[in-house]
1. Extending each Cα 7 Å along its Cβ direction at residue 34 and residue 53, get the distance between those two points in nm, one decimal.
2. Starting from 0.36 nm per residue, how many nanometres of slack lie between residue 43 and residue 19 once their C-alpha separation is accounted for?
3. Which cross-chain or sequence-distant (5 or more) residues have an amide H under 5 Å from the amide H of residue 24, H modelled 1.01 Å from N in plane?
Amino acid sequence: MRVVVDQDLCGTTGQCVLTLPGTFRQREPDGVAEVCVATVPRALHAAVRLAANQCPVAAIRVIESDAGGDERASADPAPSPAEAERHAAKDQHNPGEHDGTV
Ligand code: SF4
């Protein structure tokens with residue numbers, strides 16, 4: 001996992017730094033957050049996802065792949081093709097609203 005901060009969006013609240021001071025830091029002199037690790041250790045994955053979800057301006061993006069080839073943000077993940085297919089199949093079986101019958 002990797003994590004990046006959109007420094008144009010960062011509102012310099014410092015919340016991510018308070019949550020994970022070993023992963024994020026605020027640069028001098030403007031307080032914009034920076035990431036200070038190349039990859040996130042597995043033990044911190046949940047905490048990094050939490051920090052991303054708690055950022056008030058959604059400036060933190062989590063990249064699940066370490067390789068960088070398949071960079072998909074996880075803060076608001078898109079469904080996998082298999083999930084999308086399941087949802088489509090479910091919609092075909094139960095289109096529209098449920099009418100209350102069993
Ligand atoms: S929580 Fe978000 S807005 Fe606050 S310092 Fe971190 S990246 Fe910037």
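1. In this crude label model, residue 34 to residue 53 measures out at 2.9 nm.
2. Numbers: separation 24, 0.36 × 24 = 8.64 nm, distance 1.42 nm.
Roughly 7.2 nm would be gained on extension.
3. Hits under the 5 Å cutoff: 36.
We did not get these values from a lab; they are worked out from the coordinates using the rules stated. These numbers come from a predicted model, not from an experiment. In this analysis, Cβ positions are derived from the backbone assuming ideal geometry, glycine residues included, and neighbour counts consider all displayed protein chains.
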